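A.B. asks: Handing you this structure, nothing more for now.
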Amino acid sequence: MAGQMRSRYRHWFGRARKLRPAEHASVAVALGLILAAGLLLRIVFWYGLVTVDPYAYADSAASIARWKPVFDPDIVGNLYYTQYTRLSLTVPTALLYRLFGPGEVVSTVVPIGASLGIALIAFSMAFRVAGSRAGLVAAFLACVFPLNVINSTQFLPDTMMAFFTGLTMLLFLSGFQSHTPRRRVLLYFATGVVWALAFYAKQTAVAVAIPFAVLVVIRRRFHFQLGAGVPGALLVVAAVQVLLMNLGGAFLEDIRTVITEGRTVQPGALGYTDLDLSYIRDLVSDPMFLPTTILFGVGLVAILAAEGWRGFVKGDAFPLVVLVAGQYLYFEFLMRLPSLYSWWKEPRYVLSMLIPMFALAGIGLSRWPGLLSGGGRRAAGLYVAGGLLFAFGVTLSTVRDDHTYWRANRIDAVAIELADAIEREPPATVFTWDDDLARYLSFHLGLDRTTVYERTRNEGLVRNRFDPKEGHDLVEPGSLVVVNEGQDQPGLVTAVPESWQQVWEKPGVLKLYRVPVP
């Protein structure tokens, strides 16, 4: 069985040397231990939903799980455009919500799995070029990379995008370097499927189009089988259209949303210049990136020393360099193109670019001891081990600090206290004027009872206090009303009538009132 698995892997994904059965078993054990250590890191430094965006995704996933027509025109154009373009995150989680109910732990299961999957992809990229030792080093670096640990336990699309984009790169390279037409058709078809899934995690997955095109040109491999990727991608797009139309959306509404999103609030790349080289600074100065950058640089030097410039350019490691450079070009200079922009350059956005960097570091570091002999080889091995321990130490330090900060400064901290106060009161509809607070509150009161879909229709447990069209107060007798600091002022529509009874207060922040029943 093990021999068959090795043969199948080599047949589809690479030309790495054949492993002996005993070596195969030891590699499998080592890789399993790396993944187990990575999982342990993610359990120890588990975040949960502590920032703003995860609540929008959780809201969307809960509505999909309940098969509500959430893709409604009233929702498009604000924060909830993400419900249309992050389906590779929300749909799998919706299935988990359906089975186990919504919650913080359930929300993080899929991203955790994807983050460990990134390590497997890095292993495969390095293994197919330089064997098991290179793969294990790459997998280790991917598992302990601080941003991969941090984002794996938050409900954000970046880990999903990196996983599917990394798998897209692996499939593309496997097809690109295959000499069997039938195999190329299947691999390119799979590339199209997975690339579309990456796009539906986050549209910045288009970044790999640049290195793919460069590789085709410089290697002069114009495979007509590349066209097989188109029906693969269209298959995913068609499935999404069926989902949209069954959940209240229109045909190609997701594509129209991507094309037009943010036009009224964000000018896009053509409206301003963004040449601040943010990601270069991250790579060379941010403690979260620096160990990987150093090991990547050392690895490149070792590869060049082992292969020479001409051998390097013609070899199997060079496409990984193109994947890094092409994605960097996009993320640094082109990410803010209209409809594919980001408001700012978050470090987590470039996680997919790090995957081939992990692989190159693994390839180079595995070859470095082989360039020397005797005591020099042993010293080089110790330096490699020291570099990996250094990367792990930096992860523990930086992730611990970040984790401590966010657990103490949750964006929903007030909502948690408010939800506890509401649960102690007799059941009643809750009205609030603050939509952000309502989103956090809905999560903690139960997304199986209330989401943004209900709020847009004045339904559910948590509702908007004022009618969005006519503006009149929707508060009902017997309901609970949340009043933020500064809203209870004479002359304001949010002023509290004397007859309302205060039942809870967060001093200086907000108060909770019950409306009397006549």
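A.B. asks: Please identify the pairs in which a residue from region 33-61 that is touching a residue at least 60 places away in the same chain (Cβ under 8 Å) and buried (at least 24 other Cβ atoms within 10 Å of the Cβ) has its Cβ atom under 8 Å from the Cβ atom of a residue that is part of a helix (DSSP H, G or I) and of a type in the set (Lys, Arg), counting only partners at least 6 apart or on another chain.
C.D. replies: TYR47/ARG407; TYR55/ARG439; ASP59/ARG439
A.B. asks: I've got another one for you. Select from region 298-334 the residues that are charged (D, E, K, R) and touching a helix residue (DSSP H, G or I) at 6+ places or on another chain (Cβ under 7 Å) and write down the one among them that is farthest from MET353 (Cα to Cα).
C.D. replies: Among those that are charged (D, E, K, R) and touching a helix residue (DSSP H, G or I) at 6+ places or on another chain (Cβ under 7 Å), it is ASP316.
A.B. asks: For VAL76, state whether it is of a type outside the set (S, T, N, Q), out of contact with any Phe, Trp or Tyr (no Cβ under 6 Å at 6 or more places or on another chain), at pLDDT below 95 and in a loop (DSSP other than H, G, I, E, B).
C.D. replies: Considered against the rule, which asks whether it is of a type outside the set (S, T, N, Q), out of contact with any Phe, Trp or Tyr (no Cβ under 6 Å at 6 or more places or on another chain), at pLDDT below 95 and in a loop (DSSP other than H, G, I, E, B), VAL76 comes out as yes.
A.B. asks: Here's something else I'd like to know. Please determine, by comparing only the residues of region 161-210 that are within 21 Å of the chain's Cα centre (by Cα) and aromatic (Phe, Trp, Tyr), which one is farthest from LEU252 (Cα to Cα).
C.D. replies: Top of the filtered list is PHE172.
A.B. asks: Just the residues that are within 22 Å of PHE71 (Cβ to Cβ) and hydrophobic (A, V, I, L, M, F, W, C), please, taken from region 462-492.
C.D. replies: Let us first name the residues in region 462-492 that are within 22 Å of PHE71 (Cβ to Cβ), namely 462-464, 468-469.
Selection gives VAL462 alone.
A.B. asks: Tell me yes or no: at least one residue of region 427-447 is modelled with pLDDT under 95 and more than 39 Å from the chain's Cα centre (by Cα).
C.D. replies: No; the residues of region 427-447 include none that is modelled with pLDDT under 95 and more than 39 Å from the chain's Cα centre (by Cα).
A.B. asks: In addition: Do we have any residue at all in region 395-417 that's touching a helix residue (DSSP H, G or I) at 6+ places or on another chain (Cβ under 8 Å), farther than 30 Å from ALA302 by Cβ and surrounded by 20 or more Cβ atoms within 10 Å (Cβ to Cβ)?
C.D. replies: Checked region 395-417: at least one residue is touching a helix residue (DSSP H, G or I) at 6+ places or on another chain (Cβ under 8 Å), farther than 30 Å from ALA302 by Cβ and surrounded by 20 or more Cβ atoms within 10 Å (Cβ to Cβ).
A.B. asks: Out of TYR341, TYR279, TYR330, which single residue is buried (at least 20 other Cβ atoms within 10 Å of the Cβ), at pLDDT 90 or above and more than 30 Å from GLY393 (Cα to Cα)?
C.D. replies: Numbers: TYR341 fails: at pLDDT 90 or above; TYR279 fails: more than 30 Å from GLY393 (Cα to Cα).
Result of the check over TYR341, TYR279, TYR330: TYR330.
A.B. asks: Can I ask one more? Output yes when any residue across region 248-271 is among the charged types (D, E, K, R), part of a loop (DSSP other than H, G, I, E, B), at pLDDT below 75 and more than 20 Å from ASP72 (Cα to Cα), and no when none is.
C.D. replies: no
A.B. asks: Outside any helix (DSSP H, G or I) and either over 30 Å from GLY364 (Cβ atoms) or not assigned by TED's automatic domain parsing to the domain that holds LYS314 (or both): which single residue out of LEU156, LEU234 fits that description?
C.D. replies: Values: LEU234 fails: outside any helix (DSSP H, G or I).
The conditions single out LEU156.
The values are calculated or read from the model by the stated rules, or taken from the named source; none is laboratory data. Source: prediction; values computed, not measured. Using ideal geometry, Cβ is built from the backbone for each residue, glycine included, and neighbour counts are taken over all protein chains shown.
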